[in-house]
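Peer 1: One structure follows; several queries about it will come next.
The values are calculated or read from the model by the stated rules, or taken from the named source; none is laboratory data. Note that this is a predicted model, so its numbers are computed, not measured. Neighbour counts run over all protein chains shown; Cβ positions are idealised from the backbone, glycine included. For the accessible areas, the whole protein counts, side chains as well, though only heavy atoms, and no ligand, DNA or RNA atoms are used. Shrake-Rupley method; radii C 1.70, N 1.55, O 1.52, S 1.80 Å.
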Amino acid sequence: MSIVVRDVREHELDSVLALNNAAGPAILPLDAARLRHFYDTAEYFRVAERDGALAGFLIGMGSHTDHDSSNFRWFRERYPNFFYIDRIVVASRRRGGGVGRAFYADAQSYAELRYPQMACEVFLEGTNDPALLFHGSFGFHEVGQHVMEEAGVRAAMLMKPLCSYGWVRDTYGDALPQTPWITRPRTASSAAMAPRPTGTAL
């Protein structure tokens, strides 16, 4: 069996919304309008399929984005250039099966060609040690803490340096090679186009 990571399709937004709002307190709830905004504007919005069924999604964006999350603003006030993971959700029945690692490997492959660091946060309310351990094992480290004014939740602010970025920038500048596996940032006009999937065998 394999996990396939690909760009989200418009007809899947209802399923993505249901996944998000069933994820529990570690993920802030969304409404349909907010999710549609992500679909129209997010640089990275991908889903994972396993056995033909939706297994999760990840939404990310660059530091240049006009994003209203206070966590995103916290990072932008301190770091000039980064790729921000706004949220990652894995279906409860698929947790522990490699979906999260497949997402992070795919997101890093995308981000390290364009940004020197990845940023995300983990809520510290309740028992979220597994999420902190997961991120630590993937190379993230805490750079501070922040209480979200819109939710009243304290979060650990995490960063990961992307070591390949310097070499890519020195070698290619702003002109990345035009090869199929280098997925360009999503745009409203290209969101519905079928991308080239990436697979992670298990």
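Peer 1: First measure r as the distance between the Cβ atoms of residue 163 and residue 14, then evaluate 1/(1 + (r/R0)^6) with R0 = 45 Å and state the FRET efficiency to the nearest 0.05.
Peer 2: Details: r = 39 Å, r/R0 = 0.86.
Computed FRET efficiency for residue 163 and residue 14 comes out at 0.70.
Peer 1: Can you give the relative contact order of the range 1-50 as a percent, counting alpha carbon pairs under 8 Å and 6+ residues apart? Before the final figure, lay out each step's value.
Peer 2: Working: 40 pairs, mean separation 29.0, N = 50.
Dividing the mean separation by the residue count of the range 1-50 yields 58 percent.
Peer 1: How much area per residue is accessible in the range 1-122 when the probe is 1.4 Å and only protein heavy atoms are counted (Å²)?
Peer 2: Values: 4870 Å² over 122 residues.
Per residue, the range 1-122 has an accessible area of 40 Å².
Peer 1: Per 0.36 nm of contour for each residue apart, how much would the distance between residue 22 and residue 137 grow if the chain were fully extended, relative to their Cα-Cα spacing?
Peer 2: Details: separation 115, 0.36 × 115 = 41.40 nm, distance 2.57 nm.
Fully extending the segment from residue 22 to residue 137 adds 38.8 nm.
Peer 1: While we're on this one: Give the share of C-alpha pairs in each 5 angstrom bin for the range 3-57, from 0 to the last occupied bin, in whole percents, shortest bins first.
Peer 2: Result, from short to long distances: 4, 19, 30, 27, 15, 4 percent.
Peer 1: Rounded to two decimals, what is the ratio between the C-alpha radius of gyration of the chain and 2.2 N^0.38 Å?
Peer 2: Details: Rg = 16.2 Å, N = 202, 2.2 N^0.38 = 16.5 Å.
The chain yields a ratio of 0.98.
Peer 1: Using alpha-carbon pairs under 8 Å, 6+ residues apart, how would you state the relative contact order of the range 31-127 in percent? Mind showing how you got there, number by number?
Peer 2: On the way: 110 pairs, mean separation 24.4, N = 97.
Relative contact order comes out at 25 percent.
Peer 1: Going toward the positive end of the dipole of the range 27-155, with +1 on Lys and Arg Cβ and -1 on Asp and Glu Cβ, which of 120, 53, 130 do you reach last?
Peer 2: Checking the options against the dipole of the range 27-155, the answer is 53.
Peer 1: Can you tell me, using C-alpha contacts under 8 Å and at least 6 residues apart, the relative contact order of the chain as a whole percent? Before the final figure, lay out the partial values.
Peer 2: Working: 322 pairs, mean separation 53.8, N = 202.
For the chain, the relative contact order is 27 percent.
Peer 1: Another question, then. Quick check: at a probe of 1.4 Å, how many percent of the accessible area of the chain sits on carbon and sulfur atoms? Show your work: numbers first, answer last.
Peer 2: Values: 5380 of 9910 Å².
C and S fraction of accessible area: 54 percent.
Peer 1: Just to confirm a number: summing +1 for Lys and Arg and -1 for Asp and Glu over residues other than residue 160 whose beta-carbon lies under 12 angstrom from that of residue 160, what do you get?
Peer 2: Working: positive: none; negative: 112, 142.
Taking every Cβ under 12 Å from that of residue 160, the sum is -2.
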